[in-house]
1. Out of the residues in region A:210-256 that are of a type in the set (Asp, Glu), away from DNA strand B (no atom under 16 Å from the Cβ) and touching a strand residue (DSSP E or B) at 6+ places or on another chain (Cβ under 8 Å), which is nearest to A:PHE146 (Cα to Cα)?
2. Restricting the first residue to region A:202-223 and requiring it to be farther than 22 Å from A:VAL186 by Cα, which pairs with a second residue that is aliphatic (A, V, I, L, M) and away from DNA strand B (no atom under 11 Å from the Cβ) meet a Cβ separation below 8 Å and a spacing of at least six or different chains?
3. Under the condition of being in a loop (DSSP other than H, G, I, E, B) and touching a Lys or Arg at 6+ places or on another chain (Cβ under 9 Å), which residue from region A:102-117 is surrounded by the fewest Cβ atoms within 10 Å (Cβ to Cβ)?
4. Are any residues in region A:118-139 polar (S, T, N, Q) and assigned to a loop (DSSP other than H, G, I, E, B), and if so, which ones?
5. Just name the residue that is surrounded by the most Cβ atoms within 10 Å (Cβ to Cβ) out of those in region A:33-61 that are free of Cβ contacts under 8 Å to residues at least 40 places away in the same chain, among the charged types (D, E, K, R) and within 11 Å of DNA strand B (Cβ to nearest atom).
6. Residues being more than 6 Å from DNA strand B (Cβ to nearest atom), in contact (Cβ under 8 Å) with a residue 40 or more places away in the chain and of a type outside the set (Val, Ile, Thr): count how many of those fall in region A:4-15.
7. In region A:77-101, what count of residues is obtained for those that are out of contact with any helix residue (DSSP H, G or I) (no Cβ under 8 Å at 6 or more places or on another chain), modelled with pLDDT of 95 or more and either of a type in the set (Lys, Arg) or over 18 Å from A:GLU132 (Cβ atoms) (or both)?
8. Would you kindly identify the strands (runs of 3 or more DSSP E) lying entirely within region A:41-97 that contain at least 3 residues that are closer than 19 Å to A:THR5 by Cβ?
Amino acid sequence: MKFATFNTNSVRARLPIIKDWLDRERPDVLCVQETKVQDKDFPVDPFEEAGYHVIFKGQKSYNGVAIISRIPPDDILLNLYDKEDEQARFISVRIGDISVINVYVPQGFAVGTDKFAYKLSWLNDLLKHIKENYDPAQPLLVVGDFNVALEPIDVFDPEKFRGEVGFHPDEQAILRQFPDWGLVDVFRKHEPAGGHYTFWDYMIPNALKRKMGWRIDYILATAPLAEKSARVRIDTDARMLEKPSDHTFLVAEFHF
DNA sequence: ATGGTCGGCAACCGA
């Protein structure tokens, strides 16, 4: 089975790239973040025409997540929280025997701000939710844009960004508890070398071509899945080189 | 050097 994640930075603006990628790669599941569209305006038809089911949770202008799957998902949960401060950052489903959680972790703006504190609490709440509702001995994928790089090899200029948002010890301390519980970073399992990124800053000209990026998107898998992972790669559409697109596809293949 | 560029959506906010 093939699973992928992609921060779209607008599912409507990136629709040609997503559609072509689905037609070419035919993944079983594609999780997307930053769809930036209200549910009433979500472009359902292009995905159904391509042979996919789509589950989505959006809001006006910001955030929004979706799970695009060949098999219709079950056990759909569209909120991390029961309360009403939901920001359309979470979807969990079950696809066959595999549980999938798709997240768009708050970006955090800057260390020391309320937004940074919210990011830390959101990540902690996600970890708590996983511990309370899942078993590391069962097949679970937690994928998406975590907005945190863990190691110096995951950032193009670690000295410049050390202690800044996205590369701060408080964020990293929480994210390290995910593998402590039993979730394996399957890209890192297959690729020990640094310099492989999934995000590039719009404001750096030609950042992708210049390899000035961050690895902040992850496919995390519990042991029963991680031990079946055969290949994990970062995939770039040619159009992303000409017009930056924020993130690239991250793809993991599992052989059962 | 404290900028730069996107997308949504209608003035800036978020990344």
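1. That would be A:ASP235.
2. Hits for this filter: A:ILE204/A:MET212; A:LEU208/A:LEU241; A:LYS209/A:LEU241.
3. Of all residues in region A:102-117, those in a loop (DSSP other than H, G, I, E, B) come to A:105-113.
Applying the additional criterion that residues be touching a Lys or Arg at 6+ places or on another chain (Cβ under 9 Å) yields A:105-109.
Details: A:VAL105: 22, A:PRO106: 19, A:GLN107: 17, A:GLY108: 24, A:PHE109: 13.
Per the criteria, the residue is A:PHE109.
4. Hit for region A:118-139 is A:GLN138, nothing else.
5. A:LYS36
6. Total meeting the criteria: 4.
7. Selection size over region A:77-101: 5.
8. So the answer is A:53-57, A:65-69, A:90-95.
The values are calculated or read from the model by the stated rules, or taken from the named source; none is laboratory data. On a predicted model such as this, the values are computed, not experimentally measured, just so you know. In this analysis, Cβ positions are derived from the backbone assuming ideal geometry, glycine residues included, and neighbour counts consider all displayed protein chains.
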